[in-house]
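**Student:** Take this structure, written in structure tokens, and hold onto it; I'll ask about it next.
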Amino acid sequence: MGLDLEDASRTVTKYRREGRLLGVYMVDPEHHWRFPIWQFDDRHQPIVRFADVLQVLRGHGPYLDERGLTSGWGEVEWFLSGHVLLDGQAPFEVLHQDPDAVIEAARVEYIEEGNDVGF
């Protein structure tokens, strides 16, 4: 992201907490967060509209616990799984070329169809 190590850590933590980046919680070898590379563009910045996808997933999908927190694993599974509304491609594969299509797939799956579109 063009930041030194200390600033990068602070920035990605801030972005994760704001829902602008997807962090995946790891416990081995110690507790830490990992950030899938596919959510960044060629300049190492979060993909445009990535936060909009997360907002739909977390606002309408089953990804947050009763305290409103997530480990990120459920969202990663969604991004890595083939999706019928994206012609069988996984959302992460479409994200760079057509983030609007990914947002629409999430919206249809979780808002219009109420999480029951037969996947």
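**Student:** Whenever you get a sec, compute what percent of the accessible area on the chain sits on carbon and sulfur atoms (1.4 Å probe).
**Tutor:** Numbers: 3670 of 7380 Å².
After summing per-atom areas, the C and S share lands at 50 percent.
**Student:** Using only DSSP helix segments of four residues or longer, with each worth -39500 (n - 2.57), what per-residue ellipticity at 222 nm results for the chain after dividing by its residue count and rounding to 500? The partial results should precede the final answer.
**Tutor:** Numbers: 5 runs with 46 residues, N = 119.
Computed ellipticity for the chain at 222 nm equals -11000 deg cm²/dmol.
**Student:** Moving to a separate point now. In the chain, once you exclude exposed trypsin sites (Lys or Arg not before Pro) (DSSP loop, at most 10 other Cβ within 10 angstrom), what's the longest stretch remaining?
**Tutor:** After excluding every exposed loop site, the longest remaining stretch is 68-119.
**Student:** Moving on to the next point. Between (1) 41, 30, 20; (2) 44, 34, 23; (3) 62, 27, 20, which matches Cα extents along the principal axes in Å calculated for the structure shown?
**Tutor:** The calculated read-out lines up with (2).
**Student:** Moving on. Just to confirm, what accessible area per residue do you get for the range 11-110 at 1.4 Å probe, in whole Å²? Write down the numbers at each step before the final one.
**Tutor:** Details: 5760 Å² over 100 residues.
Accessible area per residue: 58 Å².
The values are calculated or read from the model by the stated rules, or taken from the named source; none is laboratory data. Not measured: the values here are computed from a predicted model. All Cβ positions, glycine included, derive from the backbone under ideal geometry; neighbour counts span all protein chains shown. Surface accessibility is based on the protein's heavy atoms, side chains included, excluding ligands, DNA and RNA. Shrake-Rupley method; radii C 1.70, N 1.55, O 1.52, S 1.80 Å.
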